[in-house]
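For reference, the structure discussed in these notes is given below.
The values are calculated or read from the model by the stated rules, or taken from the named source; none is laboratory data. Since this is a predicted model, take the numbers as computed values, not measurements. Here the Cβ positions follow ideal geometry from the backbone for every residue, glycine too, while neighbour counts run over all protein chains shown.
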Amino acid sequence: MGGGIAGLLAARVLSESHDVVVLERDKLTDEPEHRAGVPQGRHTHGLLVRGGELLEELFPGLRDELVAEGAVLADAGDMQILNRLGWLATTHMGMPLLSLSRPLLETCIRRRVTAEIVDGVHVTGLSLRGGAVDGVLTRDGRVDADLVVDASGRSSKLAAWLAEAGITTPAPEVVDSGTGYATRIYTAPKDFPVVYAESLSAPDLPRGVAAMRVEGDRIMVTAQGAVGDHPPRDLDGYQEFLDSLRVPISEMLAGAEPLTPVYLFARTASRRNAFEDVANWPGGLVAVGDAVCAFNPVYGQGITVAAMEALLFRRHKDFSARGCRAFQRKIAKASKGPWAMSSNADRSWVETRRGGLLGWYLKKWQAGIVHDPDLFRRFVRVVHMVATPATLLNPVVFRRLAKYSRPGPRPERRPAGSNPR
Ligand SMILES: Cc1cc2nc3c(=O)[nH]c(=O)nc-3n(C[C@H](O)[C@H](O)[C@H](O)COP(=O)(O)OP(=O)(O)OC[C@H]3O[C@@H](n4cnc5c(N)ncnc54)[C@H](O)[C@@H]3O)c2cc1C
């Protein structure tokens, strides 16, 4: 159920050993185009380095193919990012980073998936027999299946469908930073960086922006506002929002031609379903991707986690009730680290009295990654999921961090026309 990225990647791996049919609600085209079922496709989608590696493993040669289609190849260390204390200590890392639009990524993946993809099919429920799922109901009938994979994303109705069958799932855990996105695409000015961001930062910097060079020599500019301070759709309001940032990105966009209106998206809460805890979970059913765990998109984790989850199908063969529950436990484990990273950071928006050791440690990191290229490299490897957060907990790191006892000065507003660093 669902031909988004999690569904396509699951289909890619399952079709090594099963006949797979992907049911997608939208009508699909061969070209990278926006579609209604993926409203987030209009907004910047960063592909983490780990995600890029896993996609290359699943589809050898995909990176070259995407570049041939216009995706921009950069280095993860070259991102131009401003945090609350200054510009991060950018340094080349030899870690390839692809910058592209979500529709291009999805289209190229879809072209490579050999499973049957049936579009225009709206799944409306599950078919259960003898305590196991044996297919799905659609607007036009039903489709039989030995195994049903829910990959229908943030709007998944799985919990409600299971409830109709008397299977209760725990209420999802939700952490909501109240972030809204507003995105507009421009022609790319010559010197615009491949990835440019001014980070939002709790509790007092709710505004930020992420801009990426994408195929077609375009810049996708996503203004971001947390705790309800959302960038607006009207052009003047959008411009004012960009002008209100600490570093005026509008000056870097001088001469760039807007190619689209402003598009909004505000359903960004992180939401996690503990399906692994459902004792009477039926056989023949598993759930992956955003349908299980959707992250606040500012951290760019969803596609990478979907790829990690898809690979779990390779070693899992038991889809009895017990086996499906074991599979959901593996899914929960795959998203646990990314969930901790992003939801802990977001709790600072909603819980006013956070601090203690973690708050102190995070402040040191904010300074460390501005001043120290080695700490920056370690941080980038963790954020891009090529290293675990545990790699940040060692004596070398502590010694280096100890130097940053006091935060540096806030960055000056950059003079018009100059490069970020
Ligand atoms: C604004 C925004 C920005 C994001 N930015 C990033 C980013 O920078 N980096 C990153 O890695 N991730 C990002 N994500 C997350 C990323 O989009 C998802 O994690 C990723 O696409 C995996 O999602 P999915 O396949 O589970 O769901 P989706 O990609 O949403 O796909 C779900 C699919 O299911 C279909 N569907 C839904 N219901 C039915 C039904 N009843 N019957 C049939 N089909 C159905 C939909 O049409 C859709 O095609 C962002 C998300 C948002 C909201």
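Listed here are the residues, each with its yes/no results for (1) more than 21 Å from Val49 (Cα to Cα); (2) without any contact (Cβ under 8 Å) to a residue 60 or more places away in the chain; (3) more than 15 Å from the ligand (Cβ to nearest atom).
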residue	(1), (2), (3)
Val194	no, no, no
Ala197	no, no, no
Leu205	yes, no, yes
Ala210	no, no, no
Arg213	no, no, no
Thr222	no, no, no
Ala226	yes, no, no
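Considering only strands (runs of 3 or more DSSP E) fully contained in segment 180-219, which possess at least 3 residues that are in contact with a Pro (Cβ under 9 Å, 6 or more places away or on another chain)? Quick ask: steps written out before the conclusion?
Numbers: elements: 180-187, 195-198, 207-214.
Per the criteria, 180-187, 207-214.
State which residue is nearest to Pro203 (Cα to Cα) when the search covers only segment 111-126 and only residues that are in contact with a Leu (Cβ under 6 Å, 6 or more places away or on another chain), touching a residue at least 24 places away in the same chain (Cβ under 8 Å) and surrounded by fewer than 20 Cβ atoms within 10 Å (Cβ to Cβ).
Taking segment 111-126 first, the residues in contact with a Leu (Cβ under 6 Å, 6 or more places away or on another chain) are 113, 118-119, 121, 123-125.
Next cut, touching a residue at least 24 places away in the same chain (Cβ under 8 Å) only: 113, 118-119, 121, 123, 125.
After this cut, where a residue has to be surrounded by fewer than 20 Cβ atoms within 10 Å (Cβ to Cβ) as well, the list is 118-119, 125.
Numbers: Val118: 46, Asp119: 44, Gly125: 42 Å.
Checked segment 111-126; the qualifying residue nearest to Pro203 (Cα to Cα) is Gly125.
As an exercise: evaluate His371 against (1) surrounded by fewer than 17 Cβ atoms within 10 Å (Cβ to Cβ); (2) modelled with pLDDT of 95 or more; (3) not hydrophobic (A, V, I, L, M, F, W, C) and give the number of the one condition it does not meet.
(2)
Tell me, which strands (runs of 3 or more DSSP E) wholly within segment 40-104 include 3 or more residues that are over 13 Å from Thr304 (Cβ atoms), of a type outside the set (D, E, K, R) and under 19 Å from the mean Cα position of the chain (by Cα)? So that I can check it myself, show each step before the final result.
Details: elements: 72-75, 80-82, 96-99.
Because the criterion is at least 3 residues that are over 13 Å from Thr304 (Cβ atoms), of a type outside the set (D, E, K, R) and under 19 Å from the mean Cα position of the chain (by Cα), the strands (runs of 3 or more DSSP E) in segment 40-104 that meet it are 72-75.
Could we say that Gly77 is touching a residue at least 24 places away in the same chain (Cβ under 8 Å) and of a type in the set (Gly, Ala, Ser) here? Spell out how you get there, then give the answer.
On the way: touching a residue at least 24 places away in the same chain (Cβ under 8 Å): yes; of a type in the set (Gly, Ala, Ser): yes.
Yes.
If you take the residues in segment 239-282 that are more than 16 Å from the ligand (Cβ to nearest atom) and of a type in the set (Ser, Thr, Tyr), which one is modelled with the highest pLDDT? I'd like the intermediate steps shown before the answer.
First, pick out the residues of segment 239-282 that are more than 16 Å from the ligand (Cβ to nearest atom): 239-259, 261, 274, 276-282.
The next check asks that each one be of a type in the set (Ser, Thr, Tyr); those that pass are 244, 250.
Values: Ser244: 96, Ser250: 89.
Of everything passing the filter in segment 239-282, Ser244 is modelled with the highest pLDDT.
Select, from Ala334, Ala345, the only residue that is surrounded by 16 or more Cβ atoms within 10 Å (Cβ to Cβ), farther than 26 Å from Leu128 by Cβ, in contact with a helix residue (DSSP H, G or I) (Cβ under 6 Å, 6 or more places away or on another chain) and of a type in the set (A, V, I, L, M, F, W, C). Break it down into steps so the answer makes sense when it comes.
Numbers: Ala345 fails: in contact with a helix residue (DSSP H, G or I) (Cβ under 6 Å, 6 or more places away or on another chain).
Only one candidate passes the filter, namely Ala334.
Just give me the residues in segment 129-139 being closer than 24 Å to Ser17 by Cβ and in contact (Cβ under 8 Å) with a residue 40 or more places away in the chain, in sequence order.
Ala132, Val133, Asp134, Val136
May I ask you to list pairs of residues, at least six apart or on different chains, whose Cβ atoms are under 7 Å apart, with the first in segment 49-64 being under 15 Å from Ile303 (Cα atoms) and touching a residue at least 60 places away in the same chain (Cβ under 8 Å) and the second being in a loop (DSSP other than H, G, I, E, B) and within 15 Å of the ligand (Cβ to nearest atom)?
Val49/His384; Val49/Val386; Arg50/His384; Arg50/Met385; Arg50/Val386
Tell me yes or no: at least one residue of segment 85-104 is under 20 Å from Ala11 (Cβ atoms) and not basic (Lys, Arg). Quick ask: steps written out before the conclusion?
Of all residues in segment 85-104, those under 20 Å from Ala11 (Cβ atoms) come to 102-104.
Now restrict to residues that are not basic (Lys, Arg): 103-104.
Yes, some residue in segment 85-104 is under 20 Å from Ala11 (Cβ atoms) and not basic (Lys, Arg).
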